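Read the structure below first, then the notes.
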Amino acid sequence: MSFLQVFFIVSGVVILLVALDIAKKERFNALHFLVFLGAWGGLLVFTFFPQALSLIGRLFWLQRGADVLVYSSIIFLFYFVLLLLRKVEATREEVTKLVREIAIQNAKK
């Protein structure tokens, strides 16, 4: 077993533990939990069966299967950035509403 495989196994176990802990505390929805489980499962499958990565690469007409991981990682990163931006904007709107309400209450005094 190579050092990279050991690293992937340890990373997969850490991802699984973090996902289970966050799901137990109900900090995110089921879709995010499934994404974490998918990442965990994919990491372990590609660690023990690297030829599966080549099969998936051929399915998408790519010469190297690792390119599929890179492209899918970029897509998921954009997705999570958009989720974070949506949360930031929602928080900003709530803060603006609160500041307006407080300003209106203080103006009447």
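We did not get these values from a lab; they are worked out from the coordinates using the rules stated. The structure displayed is predicted, hence computed values, not measured ones. Cβ: placed from backbone, ideal geometry, glycine included. Neighbour counts: every protein chain shown.
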Tell me the residue from LEU55, LEU20, LEU37 that is within 21 Å of LEU69 (Cα to Cα) and either surrounded by 12 or more Cβ atoms within 10 Å (Cβ to Cβ) or under 14 Å from the mean Cα position of the chain (by Cα) (or both), please.
LEU37
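Residue check: is ILE74 surrounded by 10 or more Cβ atoms within 10 Å (Cβ to Cβ), out of contact with any Asp or Glu (no Cβ under 6 Å at 6 or more places or on another chain), within 27 Å of GLY41 (Cβ to Cβ) and not charged (D, E, K, R)?
When the stated conditions are applied, ILE74 passes them.
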Identify, from the list VAL45, VAL88, VAL68, the residue that is of a type outside the set (Ser, Thr, Tyr), over 28 Å from ILE9 (Cα atoms) and either touching a strand residue (DSSP E or B) at 6+ places or on another chain (Cβ under 9 Å) or not in a loop (DSSP other than H, G, I, E, B) (or both).
VAL88
If a residue must be on the phi < 0 side of the Ramachandran plot and among the acidic types (Asp, Glu), how many such residues does region 1-30 contain?
1
